[in-house]
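Since every read-out is calculated from the coordinates, none of them should be taken as a lab result. None of these values were measured; they are calculated from a predicted model. Ideal geometry is used to build each Cβ from the backbone, glycine not excepted, and the neighbour counts take in all protein chains shown.
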Amino acid sequence: MDKAQKIVVIGAGLMGTGIAHGFAVSGFSVLLIDTDQKALSRATAQIGKLLQDGVALGKLDSARLDATLARLKTATAIDDAIGDAVLLVETATEKLDIKQGILGRAAALLPADAVLATNTSALSISELAASSGRPDRFLGMHFFNPVHKMKLLEIIRGIETSDETVAKAQGWGKALGKTSIVVNEAPGFTTSRMSAMMGNEAMYMLAEGVASAEDIDTALRLGFNHPMGPLELGDLTGWDTRLSVLHYLHQTLGEKFRPCPLIIKMVKSGRIGRKSGKGVYHYDAEGNKIPGSGLRIA
């Protein structure tokens, strides 16, 4: 794997920041694009903090920190600067039309042999591939949050994705220290489908008063050895994102994925998780969960 390659990441949210950090610290040149300069500034600061934490833990030295930051560039528009990239990873909001617009613009500027990937957690890879004009060089690269800790990379084949494109994605995953699985396109793939079902059911249990939020999460952590409970995970992912995925799965797979009304109510009220300071739980300014703050249903 030639680590002199240039990687473009579009979207400086939680996932885009993590993916950009992963490629940059692994030796790749990275261009992170977002129309919001404040989002780019937050992303750069977060990447710097992750690198500083790595130095403090002895996982990298200050020279590697400086080299990583030097490899990371940012921009507020998709333009000719992406013209020498080998891979573009799109991490925009889970809206099909927004993703299609981004991918169409980017494909017109990328080299003919570049690979386009989307980090979508549920949307149709083949439908997104059509907007790129190069469906054989398009696939899903579904990373997990937090990217620097989670070892899994879910690679999703569209109906026309070539074996060569899959092999390239596996190579990039290996370079980032990830274990890859290859999934044929289906609504929700593997992980999002299972996670959405579990989180939705946990919210129904909370709404029905079956158990407290804390006890539901404790049950999954200690009973099934999950690192995080389904309600905690929903707060981390964002209930707005989770609701979009559930709407899509409900539309494509049927009634078993109908979103819990409590999720809809929370999103409408702005309780979308850590990024808003409150979801099922409340969070302090550093994003730490406040003990005993779980949502109570009268």
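Based only on the alpha carbon positions, what is the Kirkwood hydrodynamic radius of the range 191-276, in angstrom?
Kirkwood radius, the range 191-276: 12.8 Å.
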With a cut-off of 8 Å between alpha carbons and a minimum separation of six or more residues, what is the relative contact order of the chain in percent? 13 percent
Segment residue 181-residue 265, length gained on full extension (0.36 nm per residue, minus Cα span): 26.7 nm
Checking the a/c ratio against 1.5 first, then a/b against b/c, what shape does the Cα gyration tensor give for the range 1-156? prolate
Would you kindly derive the ³J(HN,Hα) couplings of the range 13-19 from the backbone phi angles with the Karplus curve 6.51 cos²θ - 1.76 cosθ + 1.60 (θ = phi - 60°), listing them in order in whole Hz, with x for Gly and Pro? x, 4, 6, x, 4, x, 5
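Past 29 Å, Cα to Cα: identify those pairs from 151/278; 95/275; 6/95; 178/268, in the order given.
The answer is 178/268.
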Between residue 194 and residue 4, how high is the FRET efficiency from 1/(1 + (r/R0)^6) when r is the Cβ-Cβ distance and R₀ = 41 Å? Nearest 0.05. 0.60
Restricting the range 228-298 to GluC sites (Glu not before Pro) in coil, as DSSP defines it, with at most 13 other Cβ within 10 Å: 286
Would you mind giving the three semi-axes, in whole Å and largest first, of the ellipsoid equivalent to the chain according to its Cα gyration tensor? 32, 23, 17
Please report the spacing between the Cα centers of the range 182-214 and the range 242-298 in Å, no decimals. 11 Å
Which cross-chain or sequence-distant (5 or more) residues have an amide H under 5 Å from the amide H of residue 153, H modelled 1.01 Å from N in plane? 179, 180, 181
Calculated FRET efficiency, residue 52 and residue 98, Cβ-Cβ r, R0 35 Å, to nearest 0.05? 0.60
Considering amide H positions built from the backbone, and no H for Pro or chain starts, which residues 5 or more places from residue 29, or on another chain, come under 5 Å of its amide H? 5, 7
